[in-house]
Amino acid sequence: MDVARRPRAFVRVAGPDAQDYLQRMVSNDVEALAVGGSCPALLLTAKGRLIAPLVVWRREDDDYLLLTEPELGDAVRLHLTRMRLRARCEIEPEEHDSVLVFDGDGIATDFPGAVERLDAGIEPTLSDDDVELRRIEAGVPRWGRELDDRILPAEAGLDETHISFTKGCYPGQEPIARLRHRGHVNRRLQIVELDDDTAVERVTSQARRPDGTVVALAYVRT
(Lines give C-alpha, C1' and ligand atoms only; values in the text may rest on other atoms or scores of the structure.)
Protein backbone atom coordinates (compact mmCIF):
# COMPACT_ATOMS: atom_id res chain seq x y z
CA MET A 1 0.00 0.00 0.00
CA ASP A 2 1.49 3.32 -1.08
CA VAL A 3 0.95 6.21 1.32
CA ALA A 4 1.80 9.90 0.91
CA ARG A 5 1.50 13.02 3.03
CA ARG A 6 -1.42 15.30 2.05
CA PRO A 7 -1.14 18.71 3.74
CA ARG A 8 -4.65 20.03 4.32
CA ALA A 9 -6.77 22.62 6.09
CA PHE A 10 -10.16 21.55 7.46
CA VAL A 11 -13.39 23.46 8.01
CA ARG A 12 -16.39 21.94 9.76
CA VAL A 13 -19.92 22.98 8.70
CA ALA A 14 -22.54 21.46 10.98
CA GLY A 15 -26.09 22.14 12.07
CA PRO A 16 -29.72 21.85 10.92
CA ASP A 17 -29.10 23.99 7.80
CA ALA A 18 -25.63 22.66 6.94
CA GLN A 19 -26.74 20.64 3.92
CA ASP A 20 -28.94 23.37 2.48
CA TYR A 21 -26.27 26.02 3.03
CA LEU A 22 -23.49 24.05 1.39
CA GLN A 23 -25.79 23.10 -1.49
CA ARG A 24 -26.32 26.82 -2.13
CA MET A 25 -22.64 27.73 -1.78
CA VAL A 26 -20.51 25.12 -3.58
CA SER A 27 -20.44 23.90 -7.16
CA ASN A 28 -21.18 20.20 -6.69
CA ASP A 29 -24.29 18.34 -5.53
CA VAL A 30 -23.96 18.07 -1.75
CA GLU A 31 -27.56 16.86 -1.36
CA ALA A 32 -26.68 13.71 -3.30
CA LEU A 33 -24.11 12.62 -0.69
CA ALA A 34 -25.01 9.78 1.65
CA VAL A 35 -23.44 9.76 5.10
CA GLY A 36 -19.82 8.76 4.57
CA GLY A 37 -19.81 10.02 0.99
CA SER A 38 -17.72 12.83 -0.44
CA CYS A 39 -17.27 14.84 -3.61
CA PRO A 40 -14.84 17.40 -5.02
CA ALA A 41 -16.30 20.90 -5.32
CA LEU A 42 -15.38 24.55 -5.77
CA LEU A 43 -16.06 27.68 -3.79
CA LEU A 44 -16.42 30.46 -6.37
CA THR A 45 -16.98 34.19 -6.69
CA ALA A 46 -20.14 35.45 -8.39
CA LYS A 47 -18.05 35.85 -11.56
CA GLY A 48 -17.01 32.19 -11.52
CA ARG A 49 -13.45 32.73 -10.28
CA LEU A 50 -11.84 30.34 -7.83
CA ILE A 51 -11.83 30.99 -4.11
CA ALA A 52 -10.85 27.44 -3.19
CA PRO A 53 -11.02 23.83 -4.39
CA LEU A 54 -12.63 21.54 -1.82
CA VAL A 55 -13.50 17.99 -0.96
CA VAL A 56 -16.87 17.89 0.85
CA TRP A 57 -17.18 14.89 3.20
CA ARG A 58 -20.53 14.15 4.85
CA ARG A 59 -19.64 12.67 8.23
CA GLU A 60 -23.16 12.63 9.72
CA ASP A 61 -26.62 13.82 8.65
CA ASP A 62 -25.90 17.44 9.62
CA ASP A 63 -22.10 17.34 9.91
CA TYR A 64 -19.79 18.07 6.97
CA LEU A 65 -16.03 18.44 6.82
CA LEU A 66 -14.44 20.51 4.06
CA LEU A 67 -10.92 19.53 3.05
CA THR A 68 -8.95 22.24 1.24
CA GLU A 69 -5.41 23.41 0.61
CA PRO A 70 -3.37 24.39 3.71
CA GLU A 71 -3.19 28.07 2.76
CA LEU A 72 -6.93 28.35 2.01
CA GLY A 73 -8.52 27.21 5.27
CA ASP A 74 -8.98 30.71 6.68
CA ALA A 75 -10.32 32.05 3.38
CA VAL A 76 -12.90 29.26 3.16
CA ARG A 77 -14.01 29.68 6.76
CA LEU A 78 -14.26 33.47 6.57
CA HIS A 79 -16.13 33.42 3.26
CA LEU A 80 -18.67 30.87 4.43
CA THR A 81 -19.12 32.70 7.74
CA ARG A 82 -19.67 36.03 6.00
CA MET A 83 -22.27 34.58 3.63
CA ARG A 84 -24.09 32.46 6.24
CA LEU A 85 -26.69 35.12 7.21
CA ARG A 86 -29.55 33.22 8.91
CA ALA A 87 -28.43 29.69 8.08
CA ARG A 88 -28.39 27.60 11.25
CA CYS A 89 -24.95 26.02 11.10
CA GLU A 90 -21.60 26.31 12.82
CA ILE A 91 -18.51 27.02 10.73
CA GLU A 92 -15.22 26.37 12.48
CA PRO A 93 -11.73 25.05 11.78
CA GLU A 94 -10.60 21.56 12.75
CA GLU A 95 -7.16 20.01 13.01
CA HIS A 96 -6.35 16.65 11.45
CA ASP A 97 -3.49 14.81 9.79
CA SER A 98 -4.27 13.58 6.28
CA VAL A 99 -2.57 11.02 4.08
CA LEU A 100 -3.23 9.83 0.56
CA VAL A 101 -3.61 6.08 0.29
CA PHE A 102 -3.32 4.47 -3.11
CA ASP A 103 -5.42 1.34 -3.69
CA GLY A 104 -7.02 1.48 -0.25
CA ASP A 105 -10.20 2.48 1.57
CA GLY A 106 -10.95 5.98 2.81
CA ILE A 107 -12.52 9.28 1.80
CA ALA A 108 -13.05 9.62 -1.94
CA THR A 109 -10.94 12.61 -2.91
CA ASP A 110 -9.75 14.70 -5.86
CA PHE A 111 -6.67 12.59 -6.64
CA PRO A 112 -7.40 9.76 -9.12
CA GLY A 113 -6.47 6.32 -7.79
CA ALA A 114 -6.22 7.48 -4.18
CA VAL A 115 -8.35 8.08 -1.11
CA GLU A 116 -7.68 10.19 1.97
CA ARG A 117 -7.48 8.98 5.56
CA LEU A 118 -7.50 11.29 8.55
CA ASP A 119 -5.55 10.74 11.75
CA ALA A 120 -4.68 7.22 10.65
CA GLY A 121 -1.18 7.15 12.13
CA ILE A 122 0.23 5.67 8.91
CA GLU A 123 3.81 6.47 7.96
CA PRO A 124 4.25 7.71 4.36
CA THR A 125 5.99 5.31 2.01
CA LEU A 126 6.28 7.78 -0.88
CA SER A 127 8.59 10.78 -0.99
CA ASP A 128 7.35 14.25 -1.90
CA ASP A 129 9.04 13.85 -5.31
CA ASP A 130 7.23 10.54 -5.88
CA VAL A 131 3.87 12.14 -5.09
CA GLU A 132 4.58 15.14 -7.29
CA LEU A 133 5.30 12.87 -10.24
CA ARG A 134 2.06 10.97 -9.65
CA ARG A 135 0.13 14.23 -9.32
CA ILE A 136 1.46 15.57 -12.61
CA GLU A 137 0.89 12.31 -14.48
CA ALA A 138 -2.68 12.22 -13.11
CA GLY A 139 -3.27 15.81 -14.20
CA VAL A 140 -4.26 16.99 -10.70
CA PRO A 141 -3.99 20.79 -10.48
CA ARG A 142 -2.51 22.33 -7.35
CA TRP A 143 -3.26 25.69 -5.75
CA GLY A 144 -0.39 28.11 -6.29
CA ARG A 145 0.82 26.18 -9.33
CA GLU A 146 -1.99 25.42 -11.75
CA LEU A 147 -4.75 27.13 -9.76
CA ASP A 148 -5.25 30.67 -8.46
CA ASP A 149 -7.99 33.29 -8.45
CA ARG A 150 -7.31 34.16 -12.11
CA ILE A 151 -8.01 30.66 -13.45
CA LEU A 152 -11.39 29.67 -14.84
CA PRO A 153 -12.44 26.18 -13.68
CA ALA A 154 -12.86 24.99 -17.27
CA GLU A 155 -9.28 25.98 -18.10
CA ALA A 156 -8.01 23.52 -15.47
CA GLY A 157 -10.56 20.81 -16.38
CA LEU A 158 -12.39 21.23 -13.07
CA ASP A 159 -15.73 21.57 -14.85
CA GLU A 160 -15.52 17.81 -15.51
CA THR A 161 -14.83 16.77 -11.92
CA HIS A 162 -15.88 19.48 -9.45
CA ILE A 163 -19.11 20.89 -10.90
CA SER A 164 -22.68 19.62 -11.18
CA PHE A 165 -24.60 21.13 -14.10
CA THR A 166 -27.95 19.77 -12.85
CA LYS A 167 -28.07 21.09 -9.27
CA GLY A 168 -29.60 24.35 -8.06
CA CYS A 169 -28.06 27.79 -7.93
CA TYR A 170 -24.73 28.68 -6.32
CA PRO A 171 -22.38 31.68 -6.65
CA GLY A 172 -20.69 31.60 -10.05
CA GLN A 173 -23.18 29.19 -11.63
CA GLU A 174 -24.32 31.53 -14.40
CA PRO A 175 -20.89 32.30 -15.93
CA ILE A 176 -19.81 28.65 -15.49
CA ALA A 177 -22.91 27.37 -17.33
CA ARG A 178 -22.71 30.06 -20.00
CA LEU A 179 -19.11 29.18 -20.80
CA ARG A 180 -19.92 25.47 -21.04
CA HIS A 181 -22.96 25.80 -23.28
CA ARG A 182 -22.20 28.87 -25.37
CA GLY A 183 -18.49 29.48 -25.36
CA HIS A 184 -15.06 27.95 -25.00
CA VAL A 185 -11.82 28.62 -23.16
CA ASN A 186 -8.69 29.75 -24.98
CA ARG A 187 -6.34 27.50 -23.03
CA ARG A 188 -6.53 24.21 -21.17
CA LEU A 189 -4.35 22.41 -18.67
CA GLN A 190 -2.66 19.39 -20.23
CA ILE A 191 -0.03 16.80 -19.39
CA VAL A 192 2.96 17.21 -21.70
CA GLU A 193 6.49 15.92 -22.13
CA LEU A 194 8.83 18.87 -22.43
CA ASP A 195 10.75 17.39 -25.34
CA ASP A 196 7.66 17.01 -27.56
CA ASP A 197 6.32 19.54 -30.06
CA THR A 198 3.37 20.82 -28.03
CA ALA A 199 3.27 24.60 -28.05
CA VAL A 200 2.70 25.45 -24.41
CA GLU A 201 1.63 28.82 -23.07
CA ARG A 202 2.85 28.28 -19.50
CA VAL A 203 4.48 25.36 -17.70
CA THR A 204 3.22 25.20 -14.11
CA SER A 205 4.75 22.00 -12.69
CA GLN A 206 7.29 19.45 -13.85
CA ALA A 207 8.93 16.25 -12.64
CA ARG A 208 11.44 13.75 -13.95
CA ARG A 209 10.46 10.15 -14.56
CA PRO A 210 12.81 7.27 -13.71
CA ASP A 211 13.68 6.97 -17.43
CA GLY A 212 14.86 10.58 -17.47
CA THR A 213 12.00 12.13 -19.43
CA VAL A 214 10.45 15.26 -18.00
CA VAL A 215 6.68 15.36 -17.68
CA ALA A 216 4.85 18.58 -16.94
CA LEU A 217 1.51 20.25 -16.44
CA ALA A 218 1.11 23.19 -18.76
CA TYR A 219 -1.55 25.48 -20.11
CA VAL A 220 -1.85 24.90 -23.85
CA ARG A 221 -3.59 27.24 -26.25
CA THR A 222 -6.75 25.73 -27.75
Q: Multiply the residue gap between Ala108 and Arg49 by 0.36 nm, knock off their C-alpha separation, and tell me the result in nm, one decimal place.
A: 18.8 nm
Q. Considering only DSSP states other than H, G, I, E and B, which trypsin sites (Lys or Arg not before Pro) in the range 1-78 qualify as loop sites with at most 13 other Cβ atoms within 10 Å?
A. Lys47
Q) Which listed residue (Val131, Ala156, Val185) has the Cα farthest towards the positive end of the charge dipole for the range 126-222, taking +1 on Lys and Arg C-beta and -1 on Asp and Glu C-beta about the Cα centre? A) Val185
(Q) Could you work out the percent of alpha carbon pairs in the range 120-186 separated by over 16 Å, rounded to a whole number? (A) 59
Q) Which distance in nm do the two modelled labels at Arg24 and His96 give, with both placed 7 Å along the Cα-to-Cβ direction? A) 2.6
Q | Rounded accessible area of Glu92 (nearest 10 Å², 1.4 Å probe) | A | 70
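To the nearest 0.05, what FRET efficiency results for Ala177 and Thr81 with a Förster distance of 22 Å applied to their C-beta separation?
E(calc), rounded to 0.05, equals 0.25.
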Q) What nm value, rounded to one decimal, do you get for the distance between Gln206 and Arg142 when each label is placed 7 Å out toward the C-beta? A) 1.5
Q.
Between Asp195 and Glu31, how high is the FRET efficiency from 1/(1 + (r/R0)^6) when r is the Cβ-Cβ distance and R₀ = 45 Å? Nearest 0.05.
A. 0.45
Q. When only C-alpha pairs under 8 Å and at least 6 residues apart count, what is the relative contact order of the range 63-169, in percent?
A. 15
Q.
To check you understand DSSP bridge types, tell me what percent of the beta bridges within the chain (both residues inside) are antiparallel, rounded to 5.
A. 100
Q) So what is the 222 nm mean residue ellipticity for the chain from helices alone, if each DSSP H run of at least 4 adds -39500 (n - 2.57) and you divide by all residues, rounding to the nearest 500 deg cm²/dmol? A) -5500 deg cm²/dmol
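Averaging over all projection directions, find the projected area of the Cα convex hull of the chain and quote it in nm² with one decimal place.
It is 12.4 nm².
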Q | Contact order normalised by residue count of the chain, Cα under 8 Å, 6+ apart, percent | A | 24
Q) Treating the beta-carbon of each Lys and Arg as +1 and of each Asp and Glu as -1, no other charges, what is the dipole magnitude of the range 93-222 about its Cα centre, to the nearest 20 debye? A) 920
Q. So for the range 28-80, taking the charge dipole from beta-carbon charges (+1 Lys/Arg, -1 Asp/Glu), which of Tyr64, Ala46, Val76 sits furthest toward the positive end?
A. Ala46
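The values are calculated or read from the model by the stated rules, or taken from the named source; none is laboratory data. What you see is a predicted model, and the numbers here were worked out from it, not measured in a lab. Positions of Cβ are backbone-derived with ideal geometry, glycine not excepted, and every protein chain shown enters the neighbour counts. We work out accessible area using only protein heavy atoms, side chains counted, and drop any ligands, DNA or RNA first. Shrake-Rupley method; radii C 1.70, N 1.55, O 1.52, S 1.80 Å.
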